[in-house]
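Data block below; observations after.
The values are calculated or read from the model by the stated rules, or taken from the named source; none is laboratory data. Everything quoted here is computed from the prediction, not taken from an experiment. Cβ sites come from the backbone with ideal geometry, for glycine too, and all protein chains shown count toward neighbours.
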Amino acid sequence: MMPRALWTHLVKDLRIELRTLDALVSMLFFSLLVVVLFSIAFDPRGVFSQQIAGGVLCVATMFASVSALNQAWAREIRHQVLDAQRMAPAPGAELFLAKVIANFLFVTVVQIILAPCFLIFYNLHIVGQAWLLALVLPLGTWALVGNGIFFAALSIRSRNRELLLSLILFPIFIPALLAMVQATTAILTGESDPTLWIKLLLGYDIIFTTVSLLLFDVVFHAE
Amino acid sequence: MKKLAIGLYAAVTVALMVWGYYQAIYVAPNDAMQGEIFRIIYYHVPSASVAFLFFAISLIGSIGYLGFRRNHAGWAQVSDAWALAGAEVGVVFCTVVLTTGPLWGRRAWGIWWTWDARLTTTLVLWLIYVSYLLLRRFAAGPQMQTLAAVLGIFGALDVPIVYMSNRWWRTQHPAPVFGGSEGSGMAASMVGPFLWNMLAWFAWGVMILGIRYAVERQQQKIAAREAQAALDEGSLI
């Protein structure tokens with residue numbers, strides 16, 4: 001089914017997270033805060049709330065994910081686990097993919113919990129095809145988490161590690177953010193067709209996941 | 001001999017710049033619609049071309065570094081120097097583009113900025129390469145060059161995607177009315193000054209790039225010497 005090393009890494013990350021729930025709790029609370037702050041900054045009322053809800057949701061996901069991504073490699077940095085991982089014969093790409101899947105699951109859980117709060121705070125009623133959201137949000141989250149884990153690995157050994165992650169991730173993430181926001185807004189307001197944006201997200205995911213898998217070993221073993 | 005050639009090239013470049021300035025400000029006629037203010041095109045468009053070219057050079061340098069670092073360490077260092085020089089000087093020229101553009105836009109179209117495909121892509125390009133330079137500053141140790149090279153490739157990969165996504169964004173929504181894109185239907189009398197300025201700014205850009213490359217190579221050699229000295233010192237103990 002899944003390559004063994006990938007499965008092992010994935011189960012390990014999930015198990016550690018389930019014991020402490022560090023990432024999940026902090027992400028959940030942070031994204032809730034972001035939603036509230038945006039509501040105060042932009043006063044969503046009536047039609048206006050339908051139009052900005054997509055953007056707020058995506059930006060809230062982005063900021064929340066970064067708080068999780070910042071500590072994604074933290075465990076590997078302590079106790080020289082990273083060196084042990086490097087010496088293991090399993091391909092680095094599987095470690096990378098396992099981390100992406102694990103963090104993707106965490107962010108998706110947060111989004112699922114957050115969605116009802118969102119509907120309530122913004123009094124949303126979904127005009128377009130609601131089931132498409134189940135396609136758009138995971139694609140967008142995968143783009144964010146996939147690139148995020150890769151750049152987090154890039155910035156492991158730098159000072160200002162957490163800040164650098166955001167500085168590198170956000171510019172490159174811009175087209176995916178645009179697609180995610182446009183698609184979500186199109187679905188919520190029903191005013192335009194989200195298909196184009198979904199295709200863009202899919203293309204973006206495929207391209208960047210492939211390149212990340214190919215280049216991860218270069219970064220991992222950079223010495 | 002080499003110094004003579006470089007000195008001569010610098011002199012020619014300065015002469016070209018002066019000639020280009022004369023052409024742009026005194027020889028080129030006024031634009032039918034925009035009057036005097038359009039003259040900024042002679043700085044804006046060449047700077048953009050130079051910036052894009054230098055970012056491409058940076059990409060090639062990044063790929064070269066990753067390709068050569070195992071087998072040809074010397075070539076890898078050369079590639080990395082090109083990657084850094086290209087990115088840095090490219091960012092400078094891109095900054096010029098992003099500054100001259102709004103100055104022009106404000107006077108020509110009444111708006112400082114708009115989020116159309118070209119402007120947004122240029123801004124994101126600038127952001128990506130600034131983040132590249134930040135990585136080079138903050139990342140420590142010998143792996144910094146590898147990490148920077150990987151980021152350089154990622155960044156370059158993203159640029160066409162940014163452009164396309166913004167094109168789609170803008171075709172779906174009404175775009176602001178422009179007075180005609182720059183360079184469209186340029187009168188014959190303006191082509192001459194334009195080409196002179198292209199040449200002058202390219203020559204200037206290449207000179208700065210060359211200087212930056214040379215400085216980086218010197219710094220690489222100094223770092224290598226220091227590393228070797230530290231190694232020798234250690235081995236004596």
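Remarks
- Among the numbered conditions (1) in contact with a Gly (Cβ under 7 Å, 6 or more places away or on another chain); (2) without any contact (Cβ under 8 Å) to a residue 12 or more places away in the chain, the only one that B:Arg70 does not meet is (1).
- Of B:Met198, B:Met190, all but one fail to be modelled with pLDDT of 90 or more and either surrounded by 11 or more Cβ atoms within 10 Å (Cβ to Cβ) or under 30 Å from A:Ala186 (Cβ atoms) (or both); the exception is B:Met198.
- Scanning the stretch B:110-133 for residues that are of a type in the set (Val, Ile, Thr) and more than 7 Å from every other protein chain (Cβ to nearest Cβ) yields B:Ile111, B:Thr114, B:Thr120, B:Thr121, B:Thr122, B:Val130.
- Which numbered condition A:Leu105 fails, given (1) out of contact with any helix residue (DSSP H, G or I) (no Cβ under 6 Å at 6 or more places or on another chain); (2) buried (at least 23 other Cβ atoms within 10 Å of the Cβ): (2)
- Residues of the stretch B:140-160 classified as facing chain A (nearest Cβ under 8 Å) and under 19 Å from A:Asp205 (Cα atoms), total: 7
- B:Arg136 being part of a helix (DSSP H, G or I), farther than 30 Å from A:Pro194 by Cβ, within 13 Å of chain A (Cβ to nearest Cβ) and of a type in the set (Lys, Arg): yes
- Looking only at the stretch B:17-38, residues that are out of contact with any Asp or Glu (no Cβ under 8 Å at 6 or more places or on another chain) and surrounded by 19 or more Cβ atoms within 10 Å (Cβ to Cβ) come to 4 in all.
- In this entry, A:Pro194 passes the filter for residues that are more than 10 Å from chain B (Cβ to nearest Cβ) and of a type outside the set (Gly, Ala, Ser).
- A:Ile112 being of a type in the set (Val, Ile, Thr) and either over 15 Å from the mean Cα position of the chain (by Cα) or modelled with pLDDT under 85 (or both): no
- Any hit, the stretch B:58-70, residues being surrounded by fewer than 18 Cβ atoms within 10 Å (Cβ to Cβ), away from chain A (no Cβ under 14 Å), under 17 Å from the mean Cα position of the chain (by Cα) and closer than 24 Å to B:Tyr213 by Cβ: yes
- A:Leu202 being more than 20 Å from A:Gly92 (Cβ to Cβ), modelled with pLDDT of 90 or more, in a helix (DSSP H, G or I) and facing chain B (nearest Cβ under 9 Å): no
- Of the residues in the stretch A:210-221, at least one is part of a helix (DSSP H, G or I), within 12 Å of another protein chain (Cβ to nearest Cβ) and of a type in the set (D, E, K, R).
- When A:Leu196, A:Leu202, A:Leu188, A:Leu163 are screened for being free of Cβ contacts under 8 Å to residues at least 24 places away in the same chain, in contact with a helix residue (DSSP H, G or I) (Cβ under 9 Å, 6 or more places away or on another chain) and farther than 20 Å from A:Asn70 by Cα, only A:Leu196 passes.
- Within the stretch A:134-183, the residues that satisfy the criterion of being more than 8 Å from every other protein chain (Cβ to nearest Cβ), surrounded by fewer than 23 Cβ atoms within 10 Å (Cβ to Cβ) and either polar (S, T, N, Q) or not in a helix (DSSP H, G or I) (or both) are A:Ile156, A:Ser166.
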